[in-house]
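The values are calculated or read from the model by the stated rules, or taken from the named source; none is laboratory data. Keep in mind it's a predicted model, so treat the numbers as computed, not measured. Quick reminder, even Gly has a Cβ in these numbers, built from the backbone with ideal geometry, and neighbours come from all protein chains shown. Keep in mind that these areas ignore ligands, DNA and RNA; they rest on the heavy atoms of the full protein, side chains included. Shrake-Rupley method; radii C 1.70, N 1.55, O 1.52, S 1.80 Å.
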Amino acid sequence: MQKYIWLVPLLPLIGAAINGLLGRKLRFSERLIGGIAVGSVALSFLISVAAVYSYGFGGHPEWPKPYLTSQDGFSFNWIPGGAVSINQGAEARTQIELQKQVEERLATMAPEERGRFQSILVSDSPRFALLNIEWSYQLDPLSSIFMLIVTGVGLCIFVFATGYMHGEAGFYRFFAYMGLFMFAMLVLVMGSNFLMMFVGWEGVGLCSYLLIGYYFDRQEAANASRKAFITNRIGDFGFVLAIFGIIATFGSAQYTDVFEQAKAYPIELLGQWGILSWIALGLFVGACGKSAQLPLHVWLPDAMAGPTPVSALIHAATMVTAGLYMVTRTNVIFQHSQTMLLVVALVGAATAIFAATIGITQNDIKKVLAYSTVSQLGFMFMACGVGAFVIGIFHVMTHAFFKALMFLGAGSVIHGMHHEQDMRRMGGLKKYMPYTYWTFMAGWLAICGIIPFSGFWSKDEILWNAASTSQIPLGWLVWLIGTIAATCTAFYMTRLMAMTFWGRERFLEAPAGGEADEAHAAAYDKGLTQHDAVSPAAGDRPRHEPGEHVGPVHEDVAHHVATHGHAHEAHGAHEHGAHIPHESPPSMWVPLAVLALLAVIGGFVGIGPAFRTVTGSEHPGGRMNIVTWLNPVIWNPTTREFNAAEGGHGEETSHAAPAADAAHATPAEADHGTGASVYGHTGFNLAHSVENATHSELATEWIFIIISLVAAGIGMLLGGLFYVWRPQLPAIWAQRLRPLYAASYNKYWVDEFYGWAVTRRTMDAARAVYRFDAGIVDGIVNGLAALSRLFSRITGNFDKYFVDGIVNTVAAFIMRLMSPLFRAAQTGFTANYALVMVLGLMVAVAIFFARDIFSAFR
Amino acid sequence: MTLSGYEAVFFWIFGLAAIFAGLLTVMARNAVHSALFLISSLVSVAALFVLARAEFIAGVQILVYVGGVMVLFLFVIMLVNVGAQERGREEIFNNQRQVAASLIFCLLLVGGVLYAVNRGYSGLQALNPRPEGTVGQQSIRDQSHPPSATGSSRITEDAENVGASLYRYASLPFEIASVLLLVAIIGSVMLARTLRQEASADDVAPEVLQDEIATDPTLPQISAD
Amino acid sequence: MPAFFNIIFLLQEVETTRFDQMRQAAANPDLSKFLVIGALLFIIGVAGVLTRRNIIVIFMSIELILNAANLNFIAFSRYLHETGSVNALAGQLFAVFVIVVAAAEAAIGLGIVIALYRNKETIWVDEIDLLKW
């Protein structure tokens, strides 16, 4: 079945092509467009499942070795090698031949002799001549997980979107972009080399741009899409540099080649900046851009201007985790650089706490979820930074489930509320939207980290690994920040639940002043009249004045018309304000239910080692366990090899392995008592200290589990206190902590800072350049132009009166003389012209045979 | 290449027939007669093709020219020459000066070309003194072909060879030729249809059509409806 | 007597030699004869194009010209085939394309004729001087 994985990216592309190219021309119905899009993704999903099953569980002899489609003949030489040999010709080729011969000789030599020669050979071997990049897909444990996430969660979201986007004029366009996105994302995660990853990387960036700007007639959406695109460019620049570095260093872009070579490089400890550190830095800059990490996170919250399914698919479940995929894919390189591991961990932790604190004060339901996503991505990077790449991917997976669920739930709420996104105008929706409420509840418990739900397993493992890491110093700090961020997460998620689903039904009385209104975009699409005093030409979406009263409740839902303070009879088919919310159609809540189920049980594939007394094994479930499944793609710095397939000692897991066997022990293991590993001594280690105090590994793990549970509980209780039991508290505390509140509410003024430091400076520079251009360059050019105009006037007059005079005289003379002849020649009859042609033919024959003819007469 | 025996006899029969039929084509008063003479000329040339061992081209000549193109000609003659009976007495040639000049030029060309052919052929023989296939060799080669179903003739490999080299050496021109034919089909359909047909095909804006009808006095049958 | 016979014989010989040559040439037509027929057909076609008034007959003359060209192609193809050239079939291929072009030309040309007849009510070329101006 693996043979057919090339179909997986192709099918959504075909669907997108059909929808995008024909959808408008042939006026496809929504049902057809949705059917094509959902069908193609569903087919991809089925193929993925079958391929992964036969790869991992079907007795595939190669597991866990990566399976490349080129093994079965599906590949083409995308960028053919030998570019150098074309340019530099025979020289490079002979050098390769020479090297081959020498290598053959070397194989017969004694080892000590060989070593002396090899160092010379490696240094000047013309590896570039062999750079050969093929387009082939790779199926290995990592890519298979991502394939399943992307197609599976994607399928749910596609189904949801058919309901959510119902009635949009750009329905076909939306699904074309979505299909294109699926294609790009699958190329990203399934490619077998860095360049394919880059193609997918840019492809998802493009689709993200297109989909954020889906309501391109809204200034806000257009700006947000440009912001996302430009911010990502910064990251992509780093990524490109890293790819160049990889090709320059390893002479190949194929993952297998690169990692095989990278294994041999020495580990660069803290403060050492070898080539692998620089490569890792570039890669991480790319990951920061795509995964919205701290300096480059600003685009993700704004990206919520796109339709909600887009937010769920691209900006929560898949695209933003591409950075995680890349870091995990290149974990060999990252693990070679302790500095970069530390940077990754600290950036992740900083992002987690930073975004979590912002999330507390936001009022737009999607904004809250967006900052939550940024925060959770920070958690994932935290896991990667402390060396627990598997757990990072585990969190990607559970996060994909519960965050997609929550975004879709938010979409359902927005849909039910008639495109109202401000949580201050919601409340009490439990009664009106039971399906949405109960599924959202599952997502809430999962993200807070309550014990059987999926989020608990991954988040707890991240915190435990942060506390017990021996690959970087400052693990305890990362743990501390992570725990606080988890508390904040629980708090703001409880706040979200309370403001949306519980409490008073504020939509009946709330003043206007909402954050975003997709309804207006819909109105634009349908060509309806805009309400309010904003001219459509301005391109801005209409806003209510703060404090403006939207209107009284209309009990009669059948003909309620929202009456604003001012006249707006032309409000058309879309109204908002006082509405009775309604439950969403089955096409929307069925995906919610599926995702809710996954959010509840999805974590069981990664039950932590602390439960070994219950489950009987550290990683129960065999290959169904994510740690066992992913271990083969993780490099082990101690053994300097990739982890064995079923051995079960990944570095974060092998607490039971005998510590004495240093050669086979993982770093955590080797470090466990001695504090020495390939990474050297890493200072204070929280887990080890606790363990020294308790003298029991199991107890230590349980202590940390209880701490994280307590943190989540505190967050939830505080949230309940503030927003359920004592609703007056938030205002009081906002007053008391006014500076902090202002900072959080204004997102720490990062956007303002960037605007001041980057955008304004750029504009100033542009203006200065423009002034230079307009004043000096244009002045020179204009002066020259004036000079040449003067000159041309003089010559023009000369030409007009003198030269033309002569020519006209001659022409008049000739005209008078010759025109009767020429006029007679132009009869207009075809036969005459043909006669002239024959005459010409005759002349041609005569000239051609002139010599023969003359000789005949002589 | 040298023909001999009955082949030579047939060569002269068909060659002269081609020339005479061609002359009559040009000189016939009635266009239908012209067409019929042209058909016989083409058939004669096809026979010459057979004598030159190009059986496939001969078949194509018969099928395409005689079967297709000439039928087209006859159709058009019938479409156009409605009033041929009334115009029967009209002059069929252009004015005398044109005809005279043409004939002079043509005679000169005949002389030049015939001279050039003889000179050129002797030069060619001097250039390529290799003996041409004798009659005996030819008949032996022909006999080596398998007999056809009726047993009365031999199947040559001509069509096979032409087909093979058509696809091997001239596949791109072949494709281009197909496109050319497509363009010709579409073009002739577009050229030959009436304004009424254009209107019924609905690719003329009605206003344009109205204007056309209003301003064009040569369209009485359309302005009627 | 012998001299007389000799003279007669000589005369006879001279005459029969010439006649024989011509007879020989006629009995064994070679490439040049094909070319001569082709040339004559060509000239006839050219003459038709130049002299006739009926545009349809002019088209027929053009077909004659194309046929003459085809005859040359085929004859040379045959000739090259027997001299053992590898390009012998190129002539036949060319003939095929010439036929294709002729068919296309006839279709388009006759379409033009119909359009012309519809607009000008004539098919005499000396009444059509659209090329003027």
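Of note:
- Counting the residues of segment C:75-85 that are part of a helix (DSSP H, G or I) and free of Cβ contacts under 8 Å to residues at least 24 places away in the same chain gives 5.
- Checked against the criterion of being modelled with pLDDT of 90 or more, within 9 Å of chain C (Cβ to nearest Cβ) and in a helix (DSSP H, G or I), the candidates B:V80, B:V76, B:V60, B:V99 yield just one match: B:V60.
- When segment A:684-738 is filtered for residues that are open to solvent by 30 Å² or more (accessible area, probe 1.4 Å) and assigned to a loop (DSSP other than H, G, I, E, B), the ones remaining, listed by number, are A:F684, A:H695, A:S696, A:R726, A:P727, A:Q728, A:L737.
- From the list A:I447, A:I451, the lone residue that is in a helix (DSSP H, G or I) and under 25 Å from A:N625 (Cα atoms) is A:I447.
- For segment C:82-116, filtered to residues that are over 24 Å from B:F75 (Cα atoms) and more than 7 Å from chain B (Cβ to nearest Cβ), the residue that is surrounded by the most Cβ atoms within 10 Å (Cβ to Cβ) is C:G91.
- Among residues that are without any contact (Cβ under 8 Å) to a residue 40 or more places away in the chain and within 12 Å of chain A (Cβ to nearest Cβ), C:I65 is included.
Yes/no per residue for (1) open to solvent by 10 Å² or more (accessible area, probe 1.4 Å); (2) closer than 13 Å to A:M319 by Cβ; (3) over 20 Å from the mean Cα position of the chain (by Cα):
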site	(1), (2), (3)
A:I157	no, yes, no
A:G179	no, no, no
A:F194	no, no, no
A:G205	no, yes, no
A:S208	no, yes, no
A:I212	no, yes, no
A:A222	yes, no, no
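- For A:L270, the conditions (1) in contact with a helix residue (DSSP H, G or I) (Cβ under 6 Å, 6 or more places away or on another chain); (2) part of a helix (DSSP H, G or I); (3) surrounded by fewer than 23 Cβ atoms within 10 Å (Cβ to Cβ); (4) of a type outside the set (D, E) are fulfilled apart from (2).
- Filter result for A:F753 (open to solvent by less than 80 Å² (accessible area, probe 1.4 Å) and part of a helix (DSSP H, G or I)): no
- Filter pass, A:Y754 being farther than 17 Å from A:A356 by Cα and among the aromatic types (F, W, Y): yes
- Unmet requirement for A:L790, which otherwise passes all of (1) surrounded by 11 or more Cβ atoms within 10 Å (Cβ to Cβ); (2) away from chain C (no Cβ under 13 Å): (1)
- Any hit, segment B:193-203, residues being more than 8 Å from every other protein chain (Cβ to nearest Cβ), more than 30 Å from A:R851 (Cβ to Cβ), modelled with pLDDT of 75 or more and part of a loop (DSSP other than H, G, I, E, B): yes
- Here is the figure for segment B:1-21: residues that are touching a residue at least 60 places away in the same chain (Cβ under 8 Å) and at the interface with chain C (Cβ under 7 Å from one of its Cβ atoms) total 3.
- Residues satisfying the stated conditions in segment B:22-49, i.e. buried (at least 18 other Cβ atoms within 10 Å of the Cβ), more than 7 Å from chain C (Cβ to nearest Cβ) and farther than 19 Å from B:G68 by Cα: B:M27, B:A28
- Output for segment A:616-626, where each listed residue is part of a helix (DSSP H, G or I) and within 15 Å of A:G602 (Cβ to Cβ): A:M624, A:I626
- Only a single item in (1) within 7 Å of chain B (Cβ to nearest Cβ); (2) closer than 29 Å to B:N161 by Cα; (3) open to solvent by 20 Å² or more (accessible area, probe 1.4 Å) is not met by C:L40, and it is number (2).
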